[in-house]
Number of protein chains: 2
Amino acid sequence: MSRLYFEDFHPGQVIELGTRTVTEAEILDFARQFDPQLFHVDRDAAAASHFGGIVASGWHTCSLLMRQIVDELLSRSVSHGSPGVDEIRWLKPVRPGDTLRMSMRVTEAIPSKSRPDRGVLKCEYQGVNQHGEAVVTMKTLGMFGRRPQ
Amino acid sequence: MSRLYFEDFHPGQVIELGTRTVTEAEILDFARQFDPQLFHVDRDAAAASHFGGIVASGWHTCSLLMRQIVDELLSRSVSHGSPGVDEIRWLKPVRPGDTLRMSMRVTEAIPSKSRPDRGVLKCEYQGVNQHGEAVVTMKTLGMFGRRPQ
């Protein structure tokens, strides 16, 4: 299988990253480990909260998005990792049974001056639920290898 | 137990969030679910990579930090959640057996104009490993309730 290099991306390019349905059991399991706020782990407390029911931890939502990024993009790219992420926004609650459609858009492609074998891609990611509502957005910096001459 | 309100925080305030040691089993379990890049899930591939061994997913590191934030801060505060996170930076790898000391610093405390019952705290969080190296930093917006008059 041919792999994707820095040269295979360009600003404006949109890449679909597939869909993922999240179950209540997954939401509870993640939150009990990492984010045990009541509206993530306690059905009764969640029902009484302004959320009106169990909602996923925002970190869980980001992790589900990351899985799609790995499966649909990084696993077939020459990726050198990421120094970080900017502007994560949790726009709507993610609830048990929701199906998120993930996608990315390349906003900038910058060849590295110090490392001629790689370049930086600035990308915007989003997850949209089955009602067409964006539930999460974020911006990343990713380092990708350049195609050997 | 008295709970913490918006009025209990002020710019410059530092709050310690305890320590957390992460095991290889935890790193592998998280990465297999959410971030199965080879340097997170495959010992041999990780050893041959520029990391030189298994390292934690950056999302796992953030989730471990979140757990400390919940246990040490949010569980005893009147918290109304967060619209998002900015400037996550993964500065150093997190490796099996590392112990991270987490802390937060309040940078701004802004009473809400539209909602007199709450205010926004801008905070910077960091995790420092047993060698004194910062491994992760991030900035958050958090909404906290104001103390009833």
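The values are calculated or read from the model by the stated rules, or taken from the named source; none is laboratory data. In this text the structure is predicted, and so the values were computed from the model without any measurement. All Cβ positions, glycine included, derive from the backbone under ideal geometry; neighbour counts span all protein chains shown. Calculation scope for accessible area: heavy atoms of the full protein, side chains included, ligands and nucleic acids excluded. Shrake-Rupley method; radii C 1.70, N 1.55, O 1.52, S 1.80 Å.
Out of the residues in the range B:50-59 that are more than 8 Å from every other protein chain (Cβ to nearest Cβ) and open to solvent by less than 20 Å² (accessible area, probe 1.4 Å), which is nearest to the chain's Cα centre (by Cα)? Restricting to residues being more than 8 Å from every other protein chain (Cβ to nearest Cβ) and open to solvent by less than 20 Å² (accessible area, probe 1.4 Å), the top hit is B:56. Could you grab me the full set of residues in the range B:60-72 that are more than 7 Å from chain A (Cβ to nearest Cβ) and within 20 Å of residue A:51 (Cβ to Cβ)? Result: B:69, single match. Only residues that are among the small types (Gly, Ala, Ser) and under 20 Å from residue B:27 (Cβ atoms) were counted across the range B:97-149, and they come to 3.
Scanning the range B:1-35 for residues that are assigned to a loop (DSSP other than H, G, I, E, B) and open to solvent by 40 Å² or more (accessible area, probe 1.4 Å) yields B:1, B:2, B:3, B:5, B:10, B:11, B:12, B:23.
Of the residues making up the range A:92-149, those that are without any contact (Cβ under 8 Å) to a residue 60 or more places away in the chain and within 28 Å of residue A:6 (Cβ to Cβ) number 20.
Say we look at the range A:73-100 and pick out the residues that are over 16 Å from residue B:88 (Cα atoms) and among the basic types (Lys, Arg); which of these is farthest from the other protein chains (Cβ to nearest Cβ)? Within the range A:73-100, the match that is farthest from the other protein chains (Cβ to nearest Cβ) is A:95. Which of the residues that make up the range A:4-39 are touching a strand residue (DSSP E or B) at 6+ places or on another chain (Cβ under 8 Å) and within 10 Å of chain B (Cβ to nearest Cβ)? Residue satisfying the conditions is A:37 alone. Restricting the search to strands (runs of 3 or more DSSP E) fully inside the range A:67-149 and requiring at least 3 residues that are open to solvent by less than 30 Å² (accessible area, probe 1.4 Å) and within 19 Å of residue A:12 (Cβ to Cβ) gives A:99-111, A:118-128, A:134-145.
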